[in-house]
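*Asks:* Dropping the structure in here first, questions after.
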Amino acid sequence: MLNAFLRTAVGAGLVLALAACGGEPTESTAGGGAAAGGNTIKVGLLHSLSGTMAISEVTVRDAELLAIEEINAAGGVLGKQLEPVVEDGASDWPTFAEKANKLISQDKVATVFGGWTSASRKAMLPVFERHKALLWYPVQYEGLESSPYIFYTGATTNQQIIPGLDYLKEQGKTKIFLVGSDYVFPRTANKIIKAYAAANGMTVLGEEYTPLGHTEYSTLTNKVVQAKPDAVFNTLNGDSNVAFFKQLKSAGVTAESMPVLSVSVAEEEVTGIGVDNIVGHPVAWNYYQTTENAANSKFVAAFKAKYGDAKVTSDPMEAGYNAVYLWAEAVKKAGTVEVEAVKKASGGIALERPEGLVTIDGETQHMYKTARIGIIQPDGLIKEVWNSGEPIKPDPYLKSYPWAGSLAS
């Protein structure tokens, strides 16, 4: 059921992506000698630097460049400097697949850090599997997936969406309305949310989707207001959030009257949305700029020093920053950039990162991560109001939840 839905949802994008990448499955030299030739090791950075997703992805690219700069300043990897090769996915799924193929086949990078939307990841997945190359994907997603050639450094469902639902339930918000962008992540996330709701005494009053980049939300906000939910669960992505929150505020909705819990709005997006339009609303992530530990203090200071004091840090860019360090640590442990050796060496690697302790689960290539609920403050930062107390073992297929048994079928 769900697998068939996923194939349908990204079918057109995958067909174009496979066409762009051309031909039959081939062995790649990615991770081999070409990637580590001379005194440098090439690594690919692939994010939307233009289009509707640029509001979110540019800062992830910036964080990855910072990590590369720091690693190089500390002596590099295996005695060599990392050389970033940056490409623009342009908020277009087939373009992500095309650029991934270029980075692997033409640029001969050792690994790629990139993507945001699940549609972009789904389009890239067969490219990396065909070439047996590595993608480090930095953003929370809907779960129900694991690939031997993807490391998932953002949250999976049991580390973000389910804690968000638990929070709403504990706050007495049992009637919810679902709003999302029309692609894989929101639709799959909402299938999971509806299964959770049915098992936890919650009612879903409505479910609406709009295309990525959509900006007219007056009709949708009227539907939300008329349904009178206790809360809205928001899986909109990109700059659609700007229009949605502005028009929701114009309709008289406040965080007190109808909290909107978002899982794709972090500090960077708050700046674009305008804090007055979103103040007081909750979000679910694994990291905030305000997370208190020594590693985060150092990270925030370094990011602001490089990009400007007005810049903010956020969960996806911190996960991208972490990805570069985790890959570098796996390469050092393996003693080579060769893909299979790096994969074998990665399991159990644990680093203290800005979000806290992050450990690679060798079985799923997802991370152990601490879940955090926060409230958007008048200064645009996010105040943590709850956390899981310790890193949560990743469960991408929700095997530990009886109510989720039919979702992966």
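*Asks:* Would you kindly calculate the mean projected area, averaged across all directions, of the convex hull enclosing the Cα atoms of the range 116-217, in square nanometres?
*Replies:* For the range 116-217, the mean projected area of the Cα convex hull comes to 7.2 nm².
*Asks:* Could I ask something else about it? Report, by chain and number, residues whose modeled amide H sits under 5 Å from the one on T370, excluding near sequence neighbours (fewer than 5 apart, same chain).
*Replies:* I392
*Asks:* While we're looking at this one, here's another question. Residue by residue, what Karplus-based ³J(HN,Hα) values in Hz, rounded to whole numbers, does the range 389-398 have, using 6.51, -1.76 and 1.60 with θ = phi - 60° and x for Gly and Pro?
*Replies:* x, 7, x, 9, 4, x, 9, x, 9, 6
*Asks:* Let me ask another. Grab the beta carbon distance between S406 and N39, set R0 = 60 Å, and tell me the FRET efficiency rounded to 0.05.
*Replies:* 0.65
*Asks:* I would also like to ask the following. Rg and Dmax of the range 255-409, using alpha carbons, in Å: what are they?
*Replies:* Just the Cα atoms of the range 255-409 yield Rg and Dmax of 17.5, 56 Å.
*Asks:* Just the number: Rg to Rh for the range 157-274, Cα atoms, Kirkwood Rh, two decimals.
*Replies:* 0.93
*Asks:* Positive end of the dipole of the chain, charges at C-beta (+1 Lys, Arg; -1 Asp, Glu), about the Cα centre: which of A301, V331, S406 has its Cα farthest in that direction?
*Replies:* Selected residue: S406.
*Asks:* Hey, can you grab everything whose amide H is under 5 Å from the amide H of I349? Only 5+ residues off in sequence or another chain; H modelled, so Pro and N-termini drop out.
*Replies:* I360
*Asks:* Per residue of the range 176-182, in order, report the coupling 6.51 cos²θ - 1.76 cosθ + 1.60 (Karplus, θ = phi - 60°) as ³J(HN,Hα) in whole Hz, putting x for Gly and Pro.
*Replies:* In residue order, the calculated couplings are 10, 10, 9, 10, x, 6, 8 Hz.
*Asks:* What angle, in degrees between 0 and 90 and rounded to the nearest 10, separates the Cα long axis of helix 118-131 from the longest principal axis of the Cα atoms of the chain?
*Replies:* Tilt of helix 118-131: around 20 degrees.
*Asks:* What FRET efficiency comes out for Q171 versus L78 if R0 is 41 angstrom and r is the Cβ-Cβ distance? Round to the nearest 0.05.
*Replies:* 0.25
*Asks:* By how many nm would the segment from K344 to D182 lengthen if fully extended, with 0.36 nm per residue of separation less the alpha-carbon distance?
*Replies:* That pair, K344 and D182, stretches by 54.7 nm at full extension.
*Asks:* Let me ask something else. Give a residue-ordered list of calculated ³J(HN,Hα) values for the range 161-175 (Karplus: 6.51 cos²θ - 1.76 cosθ + 1.60, θ = phi - 60°; whole Hz; x for Gly, Pro).
*Replies:* With the stated coefficients, the range 161-175 comes to 5, 5, x, x, 5, 4, 5, 4, 4, 5, 7, x, 8, 9, 10 Hz.
*Asks:* Oh, and also: Multiplying the sequence separation of N200 and W386 by 0.36 nm and subtracting their Cα-Cα distance, what value in nm do you get?
*Replies:* Stretched fully, the N200-W386 segment lengthens by 65.0 nm.
*Asks:* What net charge do the residues around G38 carry, taking every other residue with its C-beta under 13 Å from that of G38, with Lys and Arg at +1 and Asp and Glu at -1?
*Replies:* +2
*Asks:* Pairs K122/K332; K191/K369; K42/K194; K246/K399; K191/K332; K80/K306: which are spaced more than 32 Å apart, C-alpha to C-alpha?
*Replies:* From the list (K122/K332; K191/K369; K42/K194; K246/K399; K191/K332; K80/K306), the Cα-Cα distance tops 32 Å for K42/K194; K246/K399; K191/K332.
*Asks:* Next question. Using a ≥ b ≥ c from the Cα gyration tensor of the range 58-115 (square roots of the eigenvalues), is it rounded, prolate or oblate, where a/c under 1.5 gives rounded and otherwise the larger of a/b and b/c decides, a/b for prolate?
*Replies:* Since a/c reaches 1.5 but b/c is at least a/b, the shape of the range 58-115 is classed as oblate.
*Asks:* Calculated FRET efficiency, K223 and S250, Cβ-Cβ r, R0 22 Å, to nearest 0.05?
*Replies:* Taking R0 as 22 Å, the efficiency between K223 and S250 is 0.90.
*Asks:* If you don't mind, another one. Assuming 0.36 nm per residue, please report the length gained on full extension of the stretch A294 to K399 beyond their Cα-Cα distance.
*Replies:* Gain on extension, A294 to K399, equals 34.3 nm.
*Asks:* Using modelled amide H (1.01 Å from N, peptide plane; none on Pro or chain starts), what sits under 5 Å from the amide H of V260, excluding residues fewer than 5 places away?
*Replies:* V232
*Asks:* Return the calculated 222 nm mean residue ellipticity for the chain, to the nearest 500 deg cm²/dmol, obtained by summing -39500 (n - 2.57) across DSSP H runs with n ≥ 4 and dividing by the residue count.
*Replies:* The helix-only estimate for the chain comes to -13000 deg cm²/dmol at 222 nm.
No lab work stands behind these numbers, since they all come straight from the coordinates. Everything numeric here is computed off the predicted structure, so don't read it as measured data. Neighbour counts run over all protein chains shown; Cβ positions are idealised from the backbone, glycine included.
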